[in-house]
Amino acid sequence: LVRLRSRLSRSQNSLGKGLLSLLSREHLDEDTWEEIEETLLTADVGVAPTQELVERLRTRVKVLGTRTPDELRGLLREELVELIGTDADRTVHSTKHEEGPAVVLVVGVNGVGKTTTTGKLARVLVADGRKVVLGAADTFRAAAADQLQTWGERVGARTVRGPEGGDPASIAFDAVKEGIAEGADTVLVDTAGRLHTKTGLMDELGKVKRVVEKHGPVDEVLLVLDATTGQNGLIQARVFAEVVDITGIVLTKLDGTAKGGIVIAVQRELGVPVKLVGLGEGADDLAPFEPGAFVDALIG
Ligand code: GDP
């Protein structure tokens with residue numbers, strides 16, 4: 001939590017601080033509520049959730065009458081946590097089962113932090129005593145397999161890779177096969193991020209999933225989104241969701257943005273929980289997403 005707070009507060013004008021100062025104005029007139037709405041929209045919260053939040057805040061502030069800064073902070077915290085949701089299943093399903101190792105596909109467009117996230121996640125799992133195999137199925141970017149293998153060597157996980165420009169599905173298939181042979185707990189597959197056409201992506205990602213499923217079920221499809229790209233991330237999310245069943249979202253680069261509201265918008269868009277957040281480039285900079293801690297970090 002301390003790290004989350006320090007990382008998020010690096011970005012100036014955090015969402016919560018702006019809202020708190022607006023809410024503590026002596027007169028909460030129409031203009032102020034409009035400013036509150038604008039602040040939420042600027043932070044990428046999205047139109048529908050913003051309207052919902054403002055409506056609830058207005059009602060509660062009215063009922064409350066006098067407002068101390070502590071009361072306002074508590075109110076804002078409660079409503080933001082409520083909006084993010086506390087009952088979603090945010091665990092990354094990575095435990096071995098009867099069919100073999102748990103299979104986690106990591107998907108997303110080029111540059112969002114897929115490979116880094118896969119490496120960080122491997123590190124967390126290995127530290128937890130799991131045996132992990134990595135599949136370097138991102139054959140789009142020439143250096144991706146090397147980058148993943150470096151992570152693998154660093155954290156103690158074998159990396160299965162194919163020839164340069166090889167078929168992602170066949171690499172994914174081989175990685176799961178290797179995972180079964182080694183009795184691994186988890187196979188993490190870093191996929192390619194080609195998004196020039198939806199059919200292209202559908203063909204490729206759909207094939208990866210189908211081929212992997214010849215071995216057994218896919219336990220998680222984690223969609224990696226770069227929090228700094230705002231609305232663009234939402235568009236990507238929509239396209240991916242049409243192609244595969246996303247089971248969890250990883251929001252990377254939250255350390256580099258004041259727009260934490262994207263957490264709310266993307267969950268709303270996909271109906272899928274944010275499970276992990278990336279808070280930096282380092283090996284330890286991946287954290288489970290916890291709504292209460294996140295909102296505390298946001299409000300400061
Ligand atoms: P990929 O193309 O999706 O596999 O992207 P990479 O994993 O290669 O990451 C692209 C860049 O983003 C690299 O420079 C990473 O170090 C950086 N990156 C990834 N995750 C984070 C994060 O959470 N915070 C920050 N600041 N940088 C990140």
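A short reminder: the numbers here are calculations on the coordinates, not readings from a lab. Since the model is a prediction, treat every value here as computed from it, not as a measurement. Every residue, glycine among them, receives a Cβ derived from its backbone with ideal geometry; neighbour counts consider all protein chains shown.
All other residues whose Cβ lies under 10 angstrom from that of Leu83 are scored, Lys and Arg at +1 and Asp and Glu at -1, for a net of -2.
The distance linking the stretch 121-199 with the stretch 228-290 is 21 Å (Cα centroid to Cα centroid, whole angstrom). For the stretch 81-230, a/c is less than 1.5, where a ≥ b ≥ c are the root eigenvalues of the C-alpha gyration tensor. That puts it in the rounded class.
Computed from Cα atoms, the angle from the helix 69-84 axis to the main principal axis of the chain rounds to 40 degrees.
Panel order for Glu37, Glu26, by other beta carbons found within 10 Å of each beta carbon, from fewest to most: Glu26, Glu37.
Remark: the stretch 41-54, residue by residue, has Karplus-estimated 3J(HN,Hα) of 5, 5, 8, 6, 5, x, 5, 4, x, 4, 4, 4, 5, 4 Hz, where x stands for each Gly or Pro and the curve is 6.51 cos²θ - 1.76 cosθ + 1.60 at θ = phi - 60°.
Mean residue ellipticity, 222 nm, helices only, the chain: the sum of -39500 (n - 2.57) across DSSP H runs of n ≥ 4, divided by residue count and rounded to 500, is -16000 deg cm²/dmol. The C-alpha atoms of the chain define a longest principal axis, and helix 114-127 lies at about 80 degrees to it. Counting only Cα atoms, the chain measures 66, 39, 33 Å along its principal axes, largest extent leading. Taking amide H as placed 1.01 Å from N in the peptide plane, the amide H of Val224 sits under 5 Å from that of Val107, Gly108, Val250, each at least 5 places away or on another chain. Pairs from the list Lys62/Lys275; Lys96/Lys120; Lys131/Lys209; Lys114/Lys275; Lys253/Lys275; Lys96/Lys214 with a Cα-Cα gap above 25 Å: Lys62/Lys275. The value of relative contact order for the chain, using C-alpha pairs under 8 Å at least six residues apart, is 27 percent. Look at Lys96, Lys120, Lys259 and count the other Cβ atoms within 10 Å of each Cβ; fewest to most, that gives Lys96, Lys259, Lys120.
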